[in-house]
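In what follows, a single structure is set out as structure tokens and then discussed.
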Amino acid sequence: DYARHSAIKLVGDRHRLNKRQRLAVSRAACSLASRDARTAKCLAVETIRDQPLIIDGFNLVITVETALAGGLLLRCRDGCIRDLASVHGNYKQVQETYRALTWIGLALEKLGCQSVRWLFDAPVSNSGRLAGTLRNLAESRQWNWRVELSADPDQTILASPWVAVTSDSAILDRVNRWTNLGAYLLANYIPEAWVLDFSNDHDDHGNQRL
């Protein structure tokens, strides 16, 4: 129950962590109560057939892009896969973008997801271009997707009764139902991805992590 930023500063200063390492700790860590609460609301990916999904677009796409590009990912204490990227109002499609969108789509098709609503942050640069790319892909594949730009995707997801697809901890703590699609995609489509595993309470030598 310590304030998050204060705890990260205390731990970071104690272990002389650099900025990137502190970010990794911040994204990987959560309390036991938060982990248990998130787990209780998480639907197994295999059970979402015919369930309508609402997807935190940049959150999922950037994670899969990072995996395909060989970038560093974290398997966090709550089981979510998170990257160390920050959009901060800017996004640019990369070489892996189209492949990431296609693989996500193929996975959703295989899982039997009949209705999918994608949300992208409208204020982020190039969000409209990415949304257009996604609409064209969905049309060519005949996927039943709605792709929208939203001024506040987080609030839209929280207000929706649909199953959320995100690894954003602020959403996971408040949403009613979610599914861990990112972890499923890496396990089944990109097993070679570079992932540091912080999901276990013990390290490789059996020592308890504090």
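The values are calculated or read from the model by the stated rules, or taken from the named source; none is laboratory data. Only a predicted model underlies this, so the values are computations on that prediction, with no experimental measurement involved. We place every Cβ from the backbone using ideal geometry, glycine too, and count neighbours over all the protein chains shown. The accessibility values were calculated without ligands, DNA or RNA, using every heavy atom of the protein model including side chains. Shrake-Rupley method; radii C 1.70, N 1.55, O 1.52, S 1.80 Å.
Just to confirm the filter: which trypsin sites (Lys or Arg not before Pro) across segment 36-100 are DSSP coil and have at most 14 other Cβ within 10 angstrom of their Cβ?
Arg49, Lys92
Would you work out if the chain is rounded, prolate or oblate? Take a ≥ b ≥ c from the square roots of the eigenvalues of the alpha-carbon gyration tensor; rounded if a/c is under 1.5, else prolate when a/b is larger than b/c, oblate otherwise.
Prolate.
Evaluate the distance, in nm, between pseudo-label points positioned 7 Å from the Cα of Ser115 and of Ala3 along their respective Cα→Cβ axes.
Output for this residue pair reads 4.3 nm.
When the accessible area of segment 15-90 is computed with all protein chains present and a 1.4 Å probe, what percentage of it is carbon and sulfur?
It is 52 percent, rounded to a whole number.
Checking the cross-link filter: which lysines have an alpha carbon closer than 25 Å to that of Lys19, excluding same-chain neighbours under 8 positions apart?
Hits, sequence-local ones excluded: Lys9, Lys92.
Over segment 2-59, average the accessible area per residue using a 1.4 Å probe and give it in Å², no decimals.
On the way: 3840 Å² over 58 residues.
On a per-residue basis, segment 2-59 sits at 66 Å².
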